[in-house]
Amino acid sequence: MSEIQFEIDGSIVTATEGMTVLGVAQKAGIYIPTLCHHEKLEPFGGCRLCIVEVEVKGWTKLVVSCVYPAEKDIIVRTRSEKVDRIRKTILELLMAHAPDAPELVKLAKVYGADKDRYEKDPSFCIHCGLCVRYCNEVTGKNAIGFVDRGINKEISFIPQIAAVECNDCKQCFPLCPTSYLQAAFVLTQALAFPSAVNSGPETGE
Ligand code: SF4
Ligand code: FES
């Protein structure tokens, strides 16, 4: 596979064709914030936090680095006034749903995001999709899915599968940036397969 070179934040980096800008940055030890990316999962491009500026032949554009392919001779800037402003707004919107999620609180400090900027709608899930995709793509159990659409979209355990598969798995639990997932599981367990609760399996965090 042929190699290409380009610039990230003033450093020349080398990539093989097919890599994303985020993948190259991570390999080179250059930090770009992410909320929906996981190295074992297919690129998703959902949270938009990994947005960066890319200059191609003198033209600058904003791209989502976890899905944008590395290209020869591009110039990538992981921070700029525009990038930081967009990340700040994304974080403020997410914090309307999960104001106390530690990952969001940490990032909010970096980008000066105000958790009270938007009216609170504490649904706690920020729709990163990590749990759903990990359960599908990595464990192959398909015990969680998204239900509904738009602002009503939420994750849901599929009780028939979760009752059999989840107690001995729970690999998705640490991936959730808000810990909503654990709460959703405990609720599903209590409502849909309470015998598993009574017989004493651990319920995670
Ligand atoms: S429950 Fe957590 S991991 Fe799953 S989509 Fe919502 S925020 Fe992401
Ligand atoms: S990490 Fe790229 S869109 Fe979420």
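The values are calculated or read from the model by the stated rules, or taken from the named source; none is laboratory data. Being a predicted model, the structure only gives us computed values, none of them experimental. Here Cβ is always computed from backbone atoms with ideal geometry, including for glycine, and neighbour counts include all displayed protein chains. When the accessible area is computed, the model is the full protein with side chains, heavy atoms only, and any ligands, DNA or RNA have been set aside. Shrake-Rupley method; radii C 1.70, N 1.55, O 1.52, S 1.80 Å.
Go through the residues of the range 43-53 one by one and say whether even a single one is within 21 Å of E103 (Cβ to Cβ), in a strand (DSSP E or B) and either within 16 Å of ligand 1 (Cβ to nearest atom) or modelled with pLDDT of 95 or more (or both). Yes: one or more hits.
The single condition among (1) more than 14 Å from ligand 2 (Cβ to nearest atom); (2) of a type in the set (F, W, Y); (3) within 21 Å of L22 (Cα to Cα) that Y68 does not satisfy is (1). For the range 109-136, which positions are free of Cβ contacts under 8 Å to residues at least 24 places away in the same chain and within 16 Å of ligand 2 (Cβ to nearest atom)? The one that is free of Cβ contacts under 8 Å to residues at least 24 places away in the same chain and within 16 Å of ligand 2 (Cβ to nearest atom): V132.
Which condition from (1) in the same structural domain as G46 (by TED's automatic domain parsing); (2) at negative phi; (3) open to solvent by 60 Å² or more (accessible area, probe 1.4 Å) is the one that N136 breaks? Only one criterion in (1) in the same structural domain as G46 (by TED's automatic domain parsing); (2) at negative phi; (3) open to solvent by 60 Å² or more (accessible area, probe 1.4 Å) is unmet by N136, namely (1).
The range 96-183 holds helices (runs of 4 or more DSSP H) entirely within its bounds, and those carrying 2 or more residues that are within 14 Å of ligand 1 (Cβ to nearest atom) map to 102-111, 130-133. Residue count for the range 4-29, restricted to those that are open to solvent by 50 Å² or more (accessible area, probe 1.4 Å) and away from ligand 2 (no atom under 16 Å from the Cβ): 11.
For the range 30-49, the set of residues classified as β-branched (V, I, T) and near ligand 2 (Cβ under 6 Å from one of its atoms) consists of T34 only.
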